[in-house]
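Q: Okay, handing you the structure first.
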Amino acid sequence: MFSPKIIPLEDGWHQEIKVKAIDVLQSMLNNGLDKRSQQLFAPKEYVQTYTTCYNMCTQRSPYNWSEQLYQRHGETICAYLTETVLPALRSQKSDYLLTELTKRWANHKIMNKWMQKFFMYLDRYYVKHHSLPTLDVAGLKHFKTLVYSEVKKDVVSAMIALIDAERDGAIIDRGLVKQCVELLEAMGMGSLDAYVSDFEDPMLNATKDYYKRKSQQWVESDDTPRYLEKAERALDDEKARVTAYLNPASEPKLLRVCELEILELRESTLLEKDGSGCRALLANDRAADLARMYRLFARVPNGLPPMAALVKAHVEAMGNDVVARREAKLEAGKEKDANQDPTFVKELLALHDKYLDVVARQFAGNALFQKALKEAFVEFVNKDVGKFSNAELMSSFCDRLLKSGGEKLSEQDVEAYLEKTVQLFSYLTDKDLFAEIYRNQLAKRLLNQRSASDDAERLMIGKLKLRCGSQFTGKMEGMLNDLAIGVDHQQDFDGTLPSLLEGRPADAPPLPDFAVQVLTTGYWPSFPAVDARLPRDIVACTEVFKAYYDKKNSKRRLAWMYALGNATVKGTFHPKRGAPPKAFDFQITTLQAVVLLAFNVVADGGDPGASGAAAPPARADDGENGGGGRRDNSDWDYEQVRDRVNLPDEHLKRVLHSLACAKYKVLAKTPPGNTIKNTDKFKVNPAFSCPMRKVRIPMANLDESHNPKRVEEDRTVAIEAAVVRIMKARKTLDHQQLLAEVLSQLAFFRPNPKVIKRRIEALIDREYLERDPDTPNAYRYLA
């Protein structure tokens, strides 16, 4: 068996490897590669060189040349980089340097690849056994040490110059910059350290300086919208720049630098710029510009609070203007100070609609701006002007929407207005006052059959319940339930009525048609009890119903509220003797019917009388009907009327005013005038005339829209309950903590701290609490 021929180191290197492989490879790199060729070396040529290296590395010692070949591999690459690559790079500047570098880097990767193929056997055994860098890594290190370290400063400067040129609008070779970035990434040997320290940090500093100059130019020459357009475009361009040729890890750092210089450091100047700042954009309804402002400053840490503060200030100023216009009208006498001002409420609703839409659309419903909107509306919605509070104006606006004959709107429009009003109501601090007024107005609508829709009433109560809970609307729901149950009660009463009338005398006059509505005292507002002297027909009606009700509910007591009833009274007038009579149906309240029937004139023989007086009513609701009458239409002075009907002056004067001084003068007053005095005289107006057969005669309310004293009493109970509830849980608490917790628990009103202190004193007097003897300004709960 023959031993293989020994290959000396110099022979193998100079005669085979260098001449047939390395020199050929370097020549091809220097003269330009044939792009049409898929392989630089044919398989036969490559295998021949590989075999020579293999044989030289597998010879027995001392002829194993693995160490020497590994060393000469590195020396060959270093020599090529030093003698060929570096001189070519040193002669170039700016972007020409980048072009040459990318070309030489591409050549180096080819050379490194083929050198690794030629000496592959070294990687398999020698490198592993001696823990040396692989041939590929060694080649990269040589390039980094000899080439990259020398040119990196100039290369990075040239790259930054190209990026700045592109920012200024120049068209650059993005592919060239991308190739340079890839080279920088490769120099990290598997990490981004070289990219970050050598390129990214200088690039970020250059970006900071660039946008510092640019933002100064923009802020001096442009208004805020134009500046923000440029800022948004710049940020989009920087993001696209990262996608095009920078490492993705640079994006957050690059954008943060831009945001700092363009937005964060210029924010106060931009937001408050005269004529184009945030408030100017709001005033001019610049929706697109506001949306852009929000988008940009949302990118900046704590960028939105200053903007939200300006939004709050603007909305508050707009609301104060609405309040000031109403105040000016009242002071100038252009508008009567009444509990109804739909124009004012609609202005507030329109303002709320407008800025609620701005917050939702332009500010993406951000919580900061929702809070700013709420705080602004709380500020001016609770500014009361005139005698009537805004809570009462809002409740009266709802009353107009919900009662028949009010606002002429479709069901959808009514529902939309109710929803908007409830949103506005949520800003009231005195929600309990609104509830009290609304409950009184609801009671009048329901009892006077003036409610346009039961569904709308329930819808409104449902909206209030959603905002404030069932405790807030419990009494209102009870009122509606009373009316629903009342229908069944009335049907049962009508069915029982014939048996109740069996014991009446045969000559007794028939009862008029009447209906009674039973109300639960706890649900309805407290109404003044009026003890009037009723006509006998009405008395008969009340007695019949009382007998029925006592039989059904033996443990309940009925209290008649005559001030809440209504009646239809038929009146026949004879303007002149011999002229045909004129008949009218008067739709009036129970008290008006009582007074009107007191003036009824009945001639001898039951004839209505030739003097032209009102005849007995043909029909009455709620138990009203006339009985008896006068024999002539002589004047009655005020005292006589009062003695006859037994009404208090406060009520009687309002009733007489509605019948003798208002639009429909059913009674004639002497002397004529618009006020009722104790010296006036009254009689039926025989000349009364009206083009309509049915005449509704309104009357001024006998009670206020709400009882302030009752509201204060309810608040007192709520404060004391909150104090006791808190102290029962905490046992001991100092004054300030107790005050804070009470205020946090009272959702429907905001009491003055002095009022809370008085209630605490009252609870101490009643021995619910005591002062802590060991701690000043502290209280203890007494079980």
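The values are calculated or read from the model by the stated rules, or taken from the named source; none is laboratory data. Bear in mind the structure is a predicted one, so any value in this text is a computation, not a measurement. Neighbour counts run over all protein chains shown; Cβ positions are idealised from the backbone, glycine included. When the accessible area is computed, the model is the full protein with side chains, heavy atoms only, and any ligands, DNA or RNA have been set aside. Shrake-Rupley method; radii C 1.70, N 1.55, O 1.52, S 1.80 Å.
Q: Under the condition of being assigned to a helix (DSSP H, G or I), among the aliphatic types (A, V, I, L, M) and open to solvent by 20 Å² or more (accessible area, probe 1.4 Å), which residue from the range 361-384 is nearest to Ala328 (Cα to Cα)? Spell out how you get there, then give the answer.
A: So in the range 361-384, the residues assigned to a helix (DSSP H, G or I) come out as 361, 367-381.
The next check asks that each one be among the aliphatic types (A, V, I, L, M); those that pass are 367-368, 372-373, 376, 378, 381.
Subset that is open to solvent by 20 Å² or more (accessible area, probe 1.4 Å): 367-368, 378.
Numbers: Ala367: 35, Leu368: 33, Val378: 21 Å.
Of everything passing the filter in the range 361-384, Val378 is nearest to Ala328 (Cα to Cα).
Q: So if I check each of Lys387, Lys444, which one is closer than 26 Å to Phe527 by Cα, at pLDDT below 90, assigned to a helix (DSSP H, G or I) and open to solvent by 40 Å² or more (accessible area, probe 1.4 Å)? Please lay out each step first, then the result.
A: Working: Lys387 fails: assigned to a helix (DSSP H, G or I).
Sole residue among the options that is closer than 26 Å to Phe527 by Cα, at pLDDT below 90, assigned to a helix (DSSP H, G or I) and open to solvent by 40 Å² or more (accessible area, probe 1.4 Å): Lys444.
Q: Say we look at the range 724-773 and pick out the residues that are charged (D, E, K, R) and in a strand (DSSP E or B); which of these is nearest to the chain's Cα centre (by Cα)?
A: Step one: of the range 724-773, the residues charged (D, E, K, R) are 725, 728, 730-731, 734, 741, 750, 754, 757-759, 761, 765-767, 770-772.
Add one more test, that the residue is in a strand (DSSP E or B), and what stays is 734, 770-771.
On the way: Asp734: 36, Glu770: 44, Arg771: 44 Å.
Taking the candidates together, the pick is Asp734.
Q: I'd like the full set of residues that are open to solvent by less than 30 Å² (accessible area, probe 1.4 Å), in a helix (DSSP H, G or I) and of a type outside the set (D, E, K, R), limited to the range 512-565.
A: Hits for the range 512-565 are Ile538, Ala540, Cys541, Thr542, Val544, Phe545, Tyr548, Tyr549, Ala563.
Q: Taking the range 215-251 only, how many residues are of a type in the set (S, T, N, Q) and open to solvent by 10 Å² or more (accessible area, probe 1.4 Å)?
A: Let us first name the residues in the range 215-251 that are of a type in the set (S, T, N, Q), namely 215-217, 221, 224, 243, 247, 250.
With open to solvent by 10 Å² or more (accessible area, probe 1.4 Å) added as a condition, the list becomes 216-217, 221, 243, 247.
Here the count works out to 5.
Q: Right, something else. Is there a residue being loosely packed, with under 14 Cβ neighbours inside 10 Å and under 36 Å from the mean Cα position of the chain (by Cα) anywhere in the range 476-483? Before you say what the answer is, go through the steps one by one.
A: Here is the first cut: in the range 476-483, the residues loosely packed, with under 14 Cβ neighbours inside 10 Å are 481.
This time we only want the ones that are under 36 Å from the mean Cα position of the chain (by Cα), so: 481.
Checked the range 476-483: at least one residue is loosely packed, with under 14 Cβ neighbours inside 10 Å and under 36 Å from the mean Cα position of the chain (by Cα).
Q: While we're looking at this one, here's another question. When you scan the range 107-116, do you find a residue that is of a type outside the set (Val, Ile, Thr), open to solvent by less than 40 Å² (accessible area, probe 1.4 Å) and under 60 Å from the mean Cα position of the chain (by Cα), even just one? Quick ask: steps written out before the conclusion?
A: So the first thing to find is which residues in the range 107-116 are of a type outside the set (Val, Ile, Thr), and the list is 107-109, 111-116.
Adding the requirement that they be open to solvent by less than 40 Å² (accessible area, probe 1.4 Å) leaves 107-108, 111-112, 114-115.
Now narrow it down to the ones that are under 60 Å from the mean Cα position of the chain (by Cα): none.
The answer is no, given that none of the residues of the range 107-116 is of a type outside the set (Val, Ile, Thr), open to solvent by less than 40 Å² (accessible area, probe 1.4 Å) and under 60 Å from the mean Cα position of the chain (by Cα).
Q: List pairs: first residue in the range 44-62 and part of a helix (DSSP H, G or I), second residue charged (D, E, K, R) anywhere in the structure, Cβ distance under 8 angstrom, at least six positions apart or on different chains.
A: Every condition considered, the pairs that remain are Glu45/Lys20; Tyr46/Lys117; Gln48/Glu16; Gln48/Lys20; Thr49/Glu16; Thr49/Lys20; Tyr50/Lys117; Thr52/Glu16.
Q: Also, I was wondering about something else. Given the criteria touching a Lys or Arg at 6+ places or on another chain (Cβ under 8 Å) and more than 26 Å from Arg467 (Cα to Cα), does Leu769 qualify?
A: Yes; evaluated as a whole, the condition is true for this residue.
Q: Return the pair list, or none, for Cβ contacts closer than 7 Å from residues in the range 289-313 that are under 14 Å from Glu272 (Cα atoms) to residues that are open to solvent by 20 Å² or more (accessible area, probe 1.4 Å) and among the polar types (S, T, N, Q), at least 6 apart or on different chains.
A: Going by the 7 Å Cβ cut-off, the qualifying pairs are Leu290/Gln362; Leu304/Asn366; Pro306/Ser268.
Q: Just one of the numbered conditions (1) over 30 Å from Ala234 (Cα atoms); (2) open to solvent by less than 60 Å² (accessible area, probe 1.4 Å); (3) of a type in the set (Lys, Arg) is not true of Arg167; which one?
A: It fails just one condition, (1).
Q: If you don't mind, there's one more thing I want to ask. Give Leu135, Leu146 a once-over and let me know the one that is among the hydrophobic types (A, V, I, L, M, F, W, C) and open to solvent by less than 10 Å² (accessible area, probe 1.4 Å).
A: On the way: Leu146 fails: open to solvent by less than 10 Å² (accessible area, probe 1.4 Å).
Only one candidate passes the filter, namely Leu135.
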